[in-house]
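Working notes, beginning with the structure itself.
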Amino acid sequence: MRLASVFDVLGTHVNAPKAWDREVVVNWTVTDTREQIAVTLRHGALTHVAGKPAANAAATVSLTRAAFNELALG
């Protein structure tokens with residue numbers, strides 16, 4: 001599954017009313033596949049832009065795809 005598709009699925013699990021006042025931008029880099037995605041949580045919605053890091057990111061997470069899969073799957 002593509003990284004963007006994983007964040008599409010994760011976005012369906014956001015509790016929008018509880019997350020409404022939260023705002024965060026995180027850049028994700030998968031080191032072995034060279035995928036990059038900027039993920040934004042704003043107004044209760046999780047959105048992403050693939051292939052380009054966000055300049056205003058609060059953090060950057062770099063990890064292998066195997067490590068990302070373990071993190072995403074719990």
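I'm checking my understanding of the structure. Among residues of the stretch 1-31 that are within 23 Å of Ser62 (Cβ to Cβ) and of a type in the set (Ser, Thr, Tyr), which one is modelled with the lowest pLDDT? Here the residue is Ser5. Restricting Ala45, Ala54 to residues that are out of contact with any strand residue (DSSP E or B) (no Cβ under 6 Å at 6 or more places or on another chain), open to solvent by less than 80 Å² (accessible area, probe 1.4 Å) and among the small types (Gly, Ala, Ser) narrows the list to Ala45. Within the stretch 18-63, the set of residues being of a type in the set (Ser, Thr, Tyr) and either within 17 Å of Asp8 (Cα to Cα) or within 14 Å of the chain's Cα centre (by Cα) (or both) comprises Thr29, Thr40, Thr47, Thr60, Ser62.
The values are calculated or read from the model by the stated rules, or taken from the named source; none is laboratory data. All figures in this text were calculated on a predicted structure; none of them were measured in a lab. When we count neighbours, we look across all protein chains shown, and the Cβ atoms used for this are built from the backbone with ideal geometry, even at glycine. Calculation scope for accessible area: heavy atoms of the full protein, side chains included, ligands and nucleic acids excluded. Shrake-Rupley method; radii C 1.70, N 1.55, O 1.52, S 1.80 Å.
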